[in-house]
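Only one structure is covered here, and it is reproduced in the block below.
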Amino acid sequence: MTHLGITNIDRIACGGVGAIILESSFVRGEGKGFDHRLGLHTDEVIPGLKQLAEVAHAPSVVIGPKIFHAGRQTKSKVTGSQPIASSPISGPTTNEGPRVLRSEEIPKIVNVIAKAARLAVQAGCDLVETHGVRG
């Protein structure tokens, strides 16, 4: 976790907000939507996220991540593999056709979303927003 991230959370939390929802955080590699974003895909992220939660909690602000799987709204350049989605239709800004998700993959994605929520709770977060639109 960079010092700048902690400083920004502190500034926002002390500014009088009641809650902070962190940026979209990917739940596994092929669902990463952007470079340089938070991930909730491994236990290794808990210490940094815990720091953010502690900073937000100091002035009694609740905090948590928005978790998502980018689906067709990403590019192989970001994920390292062909995007997957419910249909072969390219995302409106990606122009890269995704691989069609197989039905047996759905429970695996649901499970990694649940794991991401558990990681957020273990890190001391108070809420989780799930992002389930567009791709």
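Each reported figure results from applying straightforward, stated rules to the coordinates on display, with no laboratory input. None of these values were measured; they are calculated from a predicted model. Note: ideal-geometry Cβ built from the backbone for every residue, glycine included; neighbour counts use all protein chains shown.
Principal-axis analysis of the Cα atoms of the chain puts helix 3-13 at an angle of about 70° to the longest axis. Per-residue Cβ neighbour counts within 10 Å put 72, 28 in the sequence 28, 72, beginning with the fewest.
Hey, what angle do you get for helix 106-122 against the long axis of the chain, alpha-carbon based, 0 to 90 degrees rounded to 10? Approximately 10 degrees, to the nearest 10.
Taking the structure as given and computing mean projected area of the Cα convex hull in nm², which label from [x] 8.2; [y] 8.8; [z] 7.2 fits? Given [x] 8.2; [y] 8.8; [z] 7.2, the calculated one carries the label [x]. Can you tell me the 0 to 90 degree angle between the C-alpha axis of helix 46-57 and the longest principal axis of the chain, rounded to 10? The two axes meet at around 50 degrees. Got a sec? Which residues in the stretch 46-73 would a label at residue 89 touch, if it sits 7 Å along Cα→Cβ and we count backbone N under 19 Å? Within reach of a label on residue 89: 69-73. Listed by chain and number, the lysines whose C-alpha is less than 16 Å from the C-alpha of residue 75, apart from same-chain residues fewer than 8 away, are 32. Taking a straight line from the alpha carbon of residue 108, these aspartates and glutamates sit under 15 Å away, with near neighbours fewer than eight places off in the same chain left out: 30. With both labels modelled 7 Å from their Cα along Cα-to-Cβ, the residue 10 to residue 102 distance reads 4.9 nm. Treating r as the C-beta distance of residue 54 and residue 130 and R0 as 25 Å, the FRET efficiency rounds to 0.60.
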